[in-house]
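*Asks:* Sharing a structure below in structure tokens format, with a few things to ask.
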Amino acid sequence: MNRKTLAITGGAILLLVLPLLAALLDEPYLVTLFSRILIYALAAVSLDLMLGFGGMVSLGHAAFFGVGAYAVCILSVHGFEGTPVLTWPFTVGGHESALLLWPLAVLLAALAAAVIGALSLRTSGMHFIMITLAFAQMLYYFFVSLETYGGDDGMSLFARNTMPGVDLADDRQFYYLCLAVLATFLFLAHRLVNSRFGMVVRGCKENERRMKTLGFPTFRYRLVCFVIAGAGAGLAGALITNQTEYVSPGLLHWTRSGEILVMVLLGGMGTLFGPVLGAAALLLMEEMLSIYTEHWMIYLGPFLILVVLFAKRGIYGWIAGGTGNHG
Amino acid sequence: MADTLLATRSLSKRFGAVQATKDLTLEVAHGELHALIGPNGAGKTTVLNQLSGELTPDRGRIYFDGRSITNLRVHKRAQMGLARSYQITSVFDHLTVRENLSLAIQAHNGHSFRFWRRAGDDPLIRGAIDPAMARVGLEQRSRVPAANLSHGERRQLEVGMALCGRPKMLLLDEPYAGMGPGGTVELTKLIRRLKSEVTILLVEHDMGAVFSLADRITVLVYGQAIASGSPEAIRCDRAVRQAYLGEGDNHHGNAAC
């Protein structure tokens with residue numbers, strides 16, 4: 001067994017027994033914290049698909065996270081109240097079923113990503129970063145001004161969504177659901193980055209011009225990659241709404257995009273497990289350091305600089321060693 | 001004209017005050033190896049970039065395989081069978097030799113919106129990869145990342161990638177640049193072998209290679225074609241010898257005329 005498989009197996013076992021550990025330590029809060037880590041890990045892995053594999057540096061990824069979160073929250077609240085979401089041009093009622101709402105959240109996030117991607121991918125480099133940031137901020141202010149749904153203050157979910165066979169209100173069951181979703185997403189992403197599509201996207205990262213002269217219509221491949229990444233973030237958004245039972249425009253703020261980006265960098269860009277580690281590292285540091293100071297970012301900054309300077313593939317590269325890439 | 005594969009008509013491109021291409025009319029016949037030579041800054045690469053579609057000409061038209069491709073985008077031209085290689089070797093450094101070739105093959109056998117199967121297991125790729133490896137002579141290096149290849153091997157890989165789509169025509173941009181003597185011999189062999197399969201437009205500084213390989217030569221000076229003809233005719237052309245005086249390349253011509 002090499003270091004890579006050892007690290008992954010170890011991590012998987014730890015995550016599987018975590019609720020047990022939490023019960024033994026009498027720290028039920030750990031389950032909540034790790035649910036949050038798994039959800040952010042999902043968002044970070046989705047960002048890494050476009051950033052680490054596709055070479056698209058976006059500072060607007062939280063937009064899709066927020067769209068997914070708001071979609072689920074708004075529809076659930078209407079479902080709970082029994083009021084329609086729309087009355088014109090046709091009536092759309094709310095709903096509380098996860099099996100209906102979550103795919104819808106993914107779809108809406110993908111749709112937003114398709115529109116934003118189609119426009120931003122006409123640029124590259126710094127312009128691309130700025131335009132994704134601008135779009136995300138537009139959506140942020142859209143939700144800030146959406147008074148019906150709490151505006152600046154955000155809105156609460158009355159109850160978590162329903163799912164046949166799973167009681168989402170139970171923190172432990174919810175945790176395992178998040179774990180299953182993340183594991184599935186990682187598996188799909190692993191297939192993706194090694195598929196024909198994945199090879200094209202990775203080729204575009206390295207040399208888009210060459211890809212064109214080889215005969216690839218690169219724009220559409222990069223756009224699809226952008227949309228897949230947005231959809232993944234939308235799913236993470238659907239989960240975060242249920243986890244915190246609350247949404248606010250802060251979910252879409254550009255600093256949130258920055259946090260997800262930091263998770264990817266910290267954990268290891270261009271790897272699949274790296275972003276998971278990055279999410280865990282960042283949120284655990286936040287959790288522990290914020291006990292001592294509210295300015296915990298002061299300690300995060302130097303740590304991040306050290307990691308970026310000395311560990312090219314982030315924490316994952318450190319642990320797994322070698323040049324292990326390709327997910 | 002019936003025999004022409006690639007032609008340009010009054011192609012012109014200007015960068016600010018510099019007229020990089022001026023009223024260029026070029027004709028490359030099916031099956032020939034046509035060399036484009038000229039002193040530094042003559043605009044040879046600019047011509048190639050317009051032919052491949054990476055630059056848009058200000059004026060003029062380009063015809064390939066019987067149709068105008070002037071407004072066609074880069075990837076469409078590649079799909080029509082117009083392949084190119086670069087002066088600065090442009091392979092995918094982080095991918096292995098095999099993966100590089102596999103990508104090049106992928107570009108020409110259907111779309112790549114396939115998300116599930118490993119690219120390496122795709123029968124369409126598997127069937128074509130071994131001949132492609134053999135053609136560039138890098139079978140022993142298949143699992144090596146392109147970044148770790150020698151300069152000459154990278155060149156071979158680059159040309160090999162351009163060939164994966166079975167192009168009708170190959171645009172070679174200074175394949176000999178920075179090559180050691182050993183690599184030069186290998187490359188000349190490779191190009192000589194290719195001559196029988198594909199039409200080639202060769203941009204090159206190495207006059208020895210040009211005069212031994214080319215069927216026809218066009219000489220470019222300040223973006224303008226000053227002569228076009230067989231190697232013998234070019235060797236003795238007065239205007240060409242004037243253009244190359246002081247360039248240090250004229251000794252190739254002196255002895256013969």
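*Asks:* Can you tell me which residues in the stretch B:101-113 are at the interface with chain A (Cβ under 9 Å from one of its Cβ atoms) and either in a strand (DSSP E or B) or buried (at least 19 other Cβ atoms within 10 Å of the Cβ) (or both)?
*Replies:* If the condition is that a residue be at the interface with chain A (Cβ under 9 Å from one of its Cβ atoms) and either in a strand (DSSP E or B) or buried (at least 19 other Cβ atoms within 10 Å of the Cβ) (or both), then B:S102, B:L103, B:A104, B:Q106, B:A107, B:H108, B:S112 are the ones that fit.
*Asks:* Hey, any hits in the stretch A:300-321 for a residue that's under 30 Å from A:L108 (Cα atoms), among the small types (G, A, S), surrounded by 16 or more Cβ atoms within 10 Å (Cβ to Cβ) and touching a residue at least 24 places away in the same chain (Cβ under 8 Å)?
*Replies:* No; the residues of the stretch A:300-321 include none that is under 30 Å from A:L108 (Cα atoms), among the small types (G, A, S), surrounded by 16 or more Cβ atoms within 10 Å (Cβ to Cβ) and touching a residue at least 24 places away in the same chain (Cβ under 8 Å).
*Asks:* Given the criteria more than 13 Å from the chain's Cα centre (by Cα) and closer than 21 Å to B:H108 by Cα, does B:R67 qualify?
*Replies:* Taking the combined requirement at face value, the residue satisfies it.
Results for (1) of a type outside the set (A, V, I, L, M); (2) in contact with a His (Cβ under 8 Å, 6 or more places away or on another chain); (3) surrounded by 14 or more Cβ atoms within 10 Å (Cβ to Cβ), shown as yes or no for each residue.
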position	(1), (2), (3)
B:V18	no, no, no
B:T56	yes, no, no
B:I69	no, no, yes
B:M80	no, no, yes
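*Asks:* Could you figure out which of (1) of a type outside the set (S, T, Y); (2) surrounded by 17 or more Cβ atoms within 10 Å (Cβ to Cβ); (3) closer than 23 Å to B:V198 by Cβ; (4) away from chain A (no Cβ under 12 Å) isn't true of B:A42?
*Replies:* B:A42 satisfies every listed condition except (3).
*Asks:* Would you be able to say whether some residue in the stretch A:200-215 is at positive phi and either of a type in the set (V, I, T) or in contact with a His (Cβ under 6 Å, 6 or more places away or on another chain) (or both)?
*Replies:* yes
*Asks:* Still on this structure, please answer the following. So how many residues does the stretch A:59-93 have that are over 13 Å from A:F158 (Cα atoms) and modelled with pLDDT under 90?
*Replies:* Matching residues across the stretch A:59-93 total 11.
*Asks:* Further question: Taking the criterion of being more than 27 Å from B:H205 (Cβ to Cβ) and facing another protein chain (nearest Cβ under 7 Å), would at least one residue in the stretch B:80-90 satisfy it?
*Replies:* No: zero hits.
*Asks:* Which residues, counting only those in the stretch B:120-178, are within 14 Å of chain A (Cβ to nearest Cβ) and in a loop (DSSP other than H, G, I, E, B)?
*Replies:* Matches in the stretch B:120-178: B:D122, B:R143, B:V144, B:C164, B:G165, B:R166, B:P167, B:K168.
*Asks:* Further question: Which of the residues belonging to the stretch A:200-224 are surrounded by fewer than 24 Cβ atoms within 10 Å (Cβ to Cβ), of a type in the set (A, V, I, L, M) and either within 7 Å of chain B (Cβ to nearest Cβ) or out of contact with any Gly (no Cβ under 7 Å at 6 or more places or on another chain) (or both)?
*Replies:* Across the stretch A:200-224, the qualifying residue is only A:V224.
*Asks:* Quick test for you: out of A:F197, A:F128, pick the one residue that is over 22 Å from A:S76 (Cβ atoms) and more than 14 Å from chain B (Cβ to nearest Cβ).
*Replies:* Being over 22 Å from A:S76 (Cβ atoms) and more than 14 Å from chain B (Cβ to nearest Cβ) holds for just one of A:F197, A:F128, which is A:F128.
The values are calculated or read from the model by the stated rules, or taken from the named source; none is laboratory data. Being a predicted model, the structure only gives us computed values, none of them experimental. Virtual Cβ from ideal backbone geometry, glycine too; neighbours counted across all protein chains shown.
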